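First up is the structure itself, then whatever we jot down about it.
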Amino acid sequence: MRHRLAMNGALRSGEAMNILLVYPEFPDTFWSFKHALAFIHKRATLPPLGLLTVAAMLPSEWDKRVVDLNVRRLRHKDLEWADCVFISGMVVQKASAKQVIERCRQAGLTVVAGGPLFTSDYASFPDVDHFVLNEAEVTLPRFLEAFRQGRAERIYADTTFPDMKQTPIPAWHLADLRRYASMSIQFSRGCPFNCDFCNVPSLFGHRVRTKPVEQVIAELDSLYAAGWRREVFFVDDNFIGNKHIMKTALLPALIEWRRKNPDIAFFTEASINLADDAELMELMVKAGFNEVFIGIETPDEASLAECSKHQNKNRNLVEDVKRIQRAGLQVQGGFIVGFDTDLPSIFQRQIDFIQKSGIVTAMVGLLQAPPGTKLYERMKREGRLLGQSTGDNVDGTTNIKPLMNVDTLREGYRRILEHIYSPKHYYKRVRIFLREYKIPSGAHRLRFPEVMAFFRSLYMLGIIGKERFNYWKLLFWTGFCRPKLFQLAVTLAIYGYHFRKTCERHVS
């Protein structure tokens, strides 16, 4: 087929093609949960949602095969089968993406690339034949039409923000769902805020665009029909960007849907102003949400002002976090050091905040400036830009020249990670959280993988692990004081094992 394409140019109407969709491998990062996934025999946390959505947008007469390198390797026979390769990924997957593209080039295959990695840095991939950038609902149809006619250009880009009604249900049948710990769907794109280190506004805009509620329910129904019974991640950058739609449409629909499908729980990302809305939190918990990631960033007011994180200013952030925990939502937090206004005291302040708040999953990174952000442009103007960011939030690197002494910054960062993920302080933080956490009603039932994970943790953490004293102390404390949260306590202990392994690699 690839040779026939080269000779004839255009495709005949209805002509079949073999399309290989490849998702590059993630390195071992904070969010990979690689060391925790081994306890439940899963290979990856989430499937490649964007790539599965693109697969659903391709012509129905084309044969498609998805290879997620996080769950299986790319085989020679996959490349032999394919006529064309579509690849997508995020910045942190850059190294793996380059390796995949090189293999495809050696196999003589046409390569089509899109997604956040290529939208922000397509110039780094000279061997890609065609770039389909920005949002695929706009650029992919234009590419496909030209491709079929044999006149496809190299770059398709468009900053138009499409109506999300155009987004199809992902092609779940192309993914081996058994390999994943959770699934993902998307309700909205865009964020009303304007944090200067975040590229969401440049990629997806400030206006929050949403899918029709019935479209979301149809996606959940399709997942359920495919046999999925575990957690689902709403990948929205700010799930509560439009509170009115949340309260009046989506959350009531999810509450009704879960009456028939109680096995599935949800988690998502939101802004700290969630703490101001008791009704919204109550609806989210009733709808089955049990976790939310929030960008706390820093307890320093000057640094919040510097990065335009105005929604976090003039607050008692510790109390905000506890209010969300008491509502029945576990808070995962993002933190940053390296702002221009940061003083050496910021490292202990971050440690104190994380410990007092009971945020068990605390992602702490050095400030980075992704392309397309106000921070990137400012650093470029000031001559402080040191290249591209890695996309790994906790690898201890930065692509900007900080005002703080670099050695002081790196040593302070190392001290934060070593402290908050040392067994003593991590397990203490777990207990602080469990004391505050309101146990949601109708928590999902215990499954076989969780039972096996518990027994593996007895050996890995309770017998040979250096955290064994803290592990057993947590189990006994939870069994006596919060027995209904025993499964959650074990899960967080396993997460801690992953976080320590990851942090040890970065700070060693």
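The values are calculated or read from the model by the stated rules, or taken from the named source; none is laboratory data. Source: prediction; values computed, not measured. Note that each Cβ is placed from the backbone with ideal geometry, even for glycine, and that neighbours are counted across all protein chains shown. Side chains are part of the model used for accessible areas, which takes the heavy atoms of the whole protein and leaves out ligands, DNA and RNA. Shrake-Rupley method; radii C 1.70, N 1.55, O 1.52, S 1.80 Å.
Please grab the % of Cα pairs in region 25-159 that end up more than 20 Å from each other. That fraction is 47 percent. Taking the chain, the Cys residues with no second Cys beta-carbon under 4.7 angstrom are 84, 104, 191, 307, 481, 503. Summing +1 for each Lys or Arg and -1 for each Asp or Glu among the other residues whose beta-carbon sits under 10 angstrom from that of residue 280 gives -2.
Ordered by solvent-accessible area of protein heavy atoms (1.4 Å probe), largest first, the residues 68, 340 come out as 340, 68. Evaluated at q = 0.17, 0.24 Å⁻¹, a Debye calculation over the C-alpha positions of region 319-421 (equal weights, vacuum) places log10 I(q)/I(0) at -0.81, -1.24.
From largest to smallest, the equivalent ellipsoid semi-axes obtained for region 99-140 from the alpha-carbon gyration tensor read 19, 11, 7 Å.
If you look at the Cα atoms of region 46-97, you get an Rg and a Dmax of 11.6, 33 Å.
Surface exposure of region 113-249, expressed per residue as accessible area with a 1.4 Å probe, stands at 41 Å². Assign one of three labels to region 148-265, namely rounded, prolate or oblate, based on the Cα gyration tensor with a ≥ b ≥ c the square roots of its eigenvalues; rounded applies when a/c is under 1.5, prolate when it is not and a/b is larger than b/c, and oblate otherwise. Taking the square roots of the gyration eigenvalues as a ≥ b ≥ c, region 148-265 is oblate.
The slack in the chain from residue 477 to residue 214, taken as 0.36 nm per residue of separation less the alpha-carbon distance, amounts to 90.3 nm. Stretching residue 80 away from residue 459 to a fully extended chain increases their span by 132.1 nm, per 0.36 nm per residue minus the current alpha-carbon distance.
With q set to 0.21 Å⁻¹, the log10 of I(q)/I(0) for region 209-366, from the Debye formula over equal scatterers at the Cα positions, is -1.31.
Heads up, I need the accessible area for residue 353: 1.4 angstrom probe, whole protein in place, Å², nearest 10. The accessible area comes out at roughly 20 Å².
In this structure, the amide hydrogen of residue 365, modeled 1.01 Å from its nitrogen in the peptide plane, lies closer than 5 angstrom to those of 335, 336, 337, counting only residues at least 5 positions away or on a different chain. Adding -39500 (n - 2.57) for every DSSP H run of four residues or longer, then dividing by how many residues the chain holds, sets the calculated 222 nm ellipticity at -12500 deg cm²/dmol.
What is the sum of charges around residue 410, taking Lys and Arg as +1, Asp and Glu as -1, for the other residues whose C-beta is under 14 Å from the C-beta of residue 410? Net of charged neighbours comes to -2. When 90, 281, 452 are compared by accessible surface with a 1.4 Å probe, the order from highest to lowest is 90, 452, 281.
Annotation: residue 310 carries an accessible surface of approximately 110 Å², with a 1.4 Å probe and no ligand, DNA or RNA atoms counted. Heavy-atom accessible area for residue 377, with the other protein chains in place and a 1.4 Å probe, reaches approximately 90 Å². For region 83-184, the square roots of the Cα gyration tensor eigenvalues, ordered a ≥ b ≥ c, give a/c below 1.5, which places it in the rounded category.
Each label point was placed 7 Å from the Cα along the Cα-to-Cβ direction; for residue 313 and residue 73 their separation is 5.4 nm. Computed over the alpha carbons of region 326-367, Rg followed by Dmax gives 11.6, 36 Å.
Step through the table entries 243/322; 94/309; 77/501, compare each Cα-Cα distance with 23 Å, and write down the pairs that go over it. From the list (243/322; 94/309; 77/501), the Cα-Cα distance tops 23 Å for 94/309; 77/501. Give, to the nearest whole percent, the P(r) tail of the chain beyond 32 angstrom, counting all Cα pairs. Tail fraction, whole percent: 44.
Within region 88-103, which residues have the backbone N less than 11 Å from the label spot 7 Å out from residue 397 along Cα→beta-carbon, could you tell me? Those under the cut-off are 92-95. These residues, 26, 448, 234, go from largest to smallest accessible area, 1.4 Å probe, as 448, 26, 234.
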